[in-house]
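Notes to accompany the following structure.
The values are calculated or read from the model by the stated rules, or taken from the named source; none is laboratory data. In this text, all values refer to a predicted model and were calculated from it rather than measured experimentally. Cβ coordinates were reconstructed from backbone atoms using ideal geometry, including for glycine residues, and neighbour counts include every protein chain displayed.
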């Protein structure tokens, strides 16, 4: 059976490659592949909460209703998976840590240098604080105007990608944003997350193909 996606996909891949937006070793997809380790957790908005702790002036906790009252942001990004697919011009909506800090809703202490994303079932992902404060990191609830599906991380996931035209931003692979996110721990020292402990590269720069340690 012919694949009717191929002509459009090839044309789009040529376009983003010509624009310098396709990292080495990657291929464009028009779909949104589902990849994760373990089962999809249940979500109960009555009991769900989001915590911020560690190297902060005051620990915070928001219920689902309270989290949805936080300042919102929208970002158009290209996302790049370590399994070699890339998806372009995706519109993400959610809560920006940069904005929360600017509005003093989170107050990192001077010694804070790293952030651990803590998700359901004990899953974790680490990033430098400087990456979390970039314009391309979001605590996301929506993609392309719709809440994403449970297997993509609903109700909340960390998202980090490439903003077209912003070569100044660090762009790690997509696994550096945790699905089913439940909290952020601000840290003085770096600690490896789940996939980093399993041998994935700690920096995960897509342009340098830093896939594995």
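Being surrounded by fewer than 18 Cβ atoms within 10 Å (Cβ to Cβ), at pLDDT 95 or above and under 25 Å from residue 30 (Cβ atoms) holds for only one residue in 192, 169, and it is 169. Residue 43 falls short on exactly one of the conditions (1) in contact (Cβ under 8 Å) with a residue 40 or more places away in the chain; (2) closer than 25 Å to residue 201 by Cα; (3) assigned to a loop (DSSP other than H, G, I, E, B), and that condition is (2).
Among the residues of this structure, residue 76 does not count as one that is touching a residue at least 60 places away in the same chain (Cβ under 8 Å), in contact with a helix residue (DSSP H, G or I) (Cβ under 7 Å, 6 or more places away or on another chain) and outside any helix (DSSP H, G or I). Scanning the stretch 195-213 for residues that are in contact with a helix residue (DSSP H, G or I) (Cβ under 8 Å, 6 or more places away or on another chain) and either closer than 19 Å to residue 36 by Cβ or surrounded by fewer than 16 Cβ atoms within 10 Å (Cβ to Cβ) (or both) yields 195, 200, 204, 213.
Tell me, please, whether a residue that is surrounded by fewer than 16 Cβ atoms within 10 Å (Cβ to Cβ), modelled with pLDDT of 95 or more and in contact with a helix residue (DSSP H, G or I) (Cβ under 8 Å, 6 or more places away or on another chain) can be found in the stretch 2-15. The answer is no; no qualifying residue exists. Only residues that are assigned to a loop (DSSP other than H, G, I, E, B) and within 21 Å of the chain's Cα centre (by Cα) were counted across the stretch 108-117, and they come to 2. Of the residues making up the stretch 81-97, those that are touching a helix residue (DSSP H, G or I) at 6+ places or on another chain (Cβ under 8 Å) and farther than 21 Å from residue 15 by Cβ are 82, 95, 97. On the basis of being within 15 Å of residue 94 (Cβ to Cβ), out of contact with any helix residue (DSSP H, G or I) (no Cβ under 9 Å at 6 or more places or on another chain), outside any helix (DSSP H, G or I) and modelled with pLDDT of 95 or more, does residue 140 make the cut? For residue 140, the condition - within 15 Å of residue 94 (Cβ to Cβ), out of contact with any helix residue (DSSP H, G or I) (no Cβ under 9 Å at 6 or more places or on another chain), outside any helix (DSSP H, G or I) and modelled with pLDDT of 95 or more - is met.
Of all residues in the stretch 79-94, none satisfies the criterion of being in a strand (DSSP E or B) and out of contact with any strand residue (DSSP E or B) (no Cβ under 9 Å at 6 or more places or on another chain).
Quick check on residue 178: is it crowded, with 18+ Cβ neighbours inside 10 Å, out of contact with any helix residue (DSSP H, G or I) (no Cβ under 7 Å at 6 or more places or on another chain), part of a loop (DSSP other than H, G, I, E, B) and at pLDDT 95 or above? Yes: the conditions hold for residue 178.
Listed by first and then second residue, the pairs with beta-carbon distance under 7 Å, at least 6 apart or on different chains, first residue in the stretch 186-209 and on the phi > 0 side of the Ramachandran plot, second surrounded by fewer than 19 Cβ atoms within 10 Å (Cβ to Cβ), are 199/212; 199/213; 204/210; 209/24; 209/25.
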